[in-house]
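To keep things clear, I will list the structure first and then write my remarks on it.
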Amino acid sequence: MRFNKNPLITPQDVKPSREDFKVDGIFNCGATKYDDEITLLCRVAESVKDSKDDEVQIPIVSNTDGKDQIEIVTINKKEHPEYNYSDARSIWKEDLNGTRQIVYLTSLSHLRLARSKDGVNFKIDEVAFAFPNSIYEEWGMEDPRITKIDDIFYINYTAVSRFGAATALIVTKDFIGFERKGIIFAPENKDVTIFPEKINGKYLAFNRPVPRAIGNADIWIAESLDLIHWGNQKHFYGVSDSKSWDNGRIGGGAPPIKLKEGWLKIYHAADKNNRYCLGAFLLDLDDPCKIIGKSKMPILEPEMEYERNGFFGNVVFTCGLINENDILKIYYGAADDKICLTEISIERILKTMN
């Protein structure tokens, strides 16, 4: 059931990181419990405000004299007719093979904390928890997922740059200080979700590499001994070849949660029209590559006005959820610009599976 006062958090609730920036969206948050609160680590996308109609101003992170700083790149549309400006998220052009090639993102994302005692009313920090600070994050930090293992929170996120979309890792114990561990999956690979415990002596993580020549954007599963070096990749699940809701791309969603019945995995998928929905897998406890059940239809799809319209419409997308007494509180991004909440019982999800 959707929260009746959705959306929970909108761009108007967020203070920009700079006076010359505007917040385009707050969405796709990781979720966990810490210090008797529900903590969301949110993606905040910002762009330069007051741009002229005939130009695009793009914020990126650059390194000058050993220091990271924000640089504003200005593109005059008339001087660059080879670029396509139709997508609100990016500027792109076609390469010699007719493939879309992104030249720049229109916004720069960082990670911002929001906290709540009741899981509904959130206080949002006025400054970033983590801000892009390397050449591999020059276009931003996106879509964080939080996995708690023992007393450490492992936060993986998409590091975006001219080199592609990679997955990086930071760790924290208190959501105050953190340590950067660097890139753990090279481009293009994102939608990584890490299991909260070792299975058969190894850590496991779902990931989503994107082939350029052969294959589809499918989910794979990898293993690690230290959460940094990953290998022994195995294909887990691919996009549908039918006209269904998951025939475009498929990805990680939220980190798996452990039930007596198996590992419950909430994932996202899109069709060829970029309509994003959520589905669910139930996986074997000892071998998560084995699928016990899968939801026949989406457990959540963009139906409400705030899901169908926004920065990029027809999107519901989750990076984090909380299990409270077998009720899943799924925090999800709606239309790429706001955070919403839906609650679904685990029993109901399991009943949707074949």
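The values are calculated or read from the model by the stated rules, or taken from the named source; none is laboratory data. Because the structure is a prediction, the values reported are computed rather than measured. Positions of Cβ are generated from backbone atoms using ideal geometry, with glycine treated the same way; all protein chains shown enter the neighbour counts. Heads up: the accessible areas ignore ligands, DNA and RNA and are worked out on the full protein's heavy atoms, side chains in. Shrake-Rupley method; radii C 1.70, N 1.55, O 1.52, S 1.80 Å.
Quick notes
- Relative contact order (percent, whole number), the stretch 224-354, Cα cutoff 8 Å, 6+ residue spacing: 17
- Measuring nothing but protein heavy atoms, the accessible surface of the stretch 224-354 at 1.4 Å probe radius is 46 percent carbon and sulfur.
- Rg/Rg_globular for the stretch 169-327, with Rg_globular taken as 2.2 N^0.38 Å and Rg from C-alpha atoms: 1.07
- Scanning the chain for cysteines with no neighbouring cysteine C-beta under 4.7 angstrom from their C-beta gives C277, C289, C319, C340.
- Square roots of 5 times each gyration tensor eigenvalue, C-alpha, the stretch 120-160, largest first, Å: 21, 17, 9
- Per-q log10 I(q)/I(0), the stretch 309-354, q = 0.13, 0.24, 0.28 Å⁻¹ (Debye; single scatterer per alpha-carbon; no solvent): -0.35, -0.82, -0.93
- In the context of the full set of protein chains, residues of the stretch 6-113 present 51 Å² of accessible surface per residue (probe radius 1.4 Å, heavy atoms only).
- Projected label points at L96 and A213, each 7 Å from Cα along the beta carbon direction, are separated by 1.4 nanometres.
- Counting charges near V192 (Lys, Arg +1; Asp, Glu -1) among other residues having Cβ under 9 Å from its Cβ returns a value of +2.
- The mean of 1/r over all distinct Cα pairs in the stretch 50-93, once inverted, gives the Kirkwood hydrodynamic radius of 11.9 Å.
- Calculated from the alpha-carbon coordinates, the stretch 27-144 shows an Rg and a Dmax of 17.3, 55 Å respectively.
- Computed P(r) (all Cα pairs; the stretch 4-84; 10 Å bins; percent): 15, 31, 31, 18, 5, 0
- Of the GluC sites (Glu not before Pro) in the stretch 1-76, those whose Cβ has at most 12 other Cβ within 10 Å and which sit in DSSP loop: E19
- Ligands, DNA and RNA left out, the accessible area of the stretch 68-181 computed with a 1.4 Å probe is 47% carbon and sulfur.
- Taking amide H positions as modeled 1.01 Å from N, with prolines and chain starts lacking one, the residues under 5 Å from L8 and 5 or more places away or on another chain are I339, C340, L341.
- Positive minus negative residues near Y85 (Lys, Arg vs Asp, Glu; Cβ under 12 Å): -1
- Selection among V61, L283, F178 by position relative to the dipole of the chain gives L283 as farthest towards the positive end (Cβ unit charges, Cα centre).
- Accessible surface area normalised per residue over the stretch 165-242 is 47 Å², counting heavy atoms of protein chains with a 1.4 Å rolling probe.
- Translational D in µm²/s for the stretch 127-227 (Stokes-Einstein at 25 °C, 0.890 mPa s, Kirkwood Rh from C-alpha pairs): 173
- Measure of compaction for the stretch 289-338 (Cα Rg per 2.2 N^0.38 Å): 1.35
- Normalised convex hull volume, the chain, alpha-carbon set, Å³ per residue: 146
- Across the stretch 262-354, the fraction of Cα-Cα pairs farther apart than 18 Å, rounded to a whole number, is 46%.
- Across every direction, the projection of the convex hull enclosing the Cα atoms of the stretch 115-184 has a mean area of 5.5 nm².
- Length gained on full extension, S51 to N273: 77.0 nm, using 0.36 nm per residue less the C-alpha separation.
- For the chain, a crude dipole built from +1 on the beta carbon of Lys and Arg and -1 on the beta carbon of Asp and Glu, taken about the Cα centre, is about 760 debye to the nearest 20.
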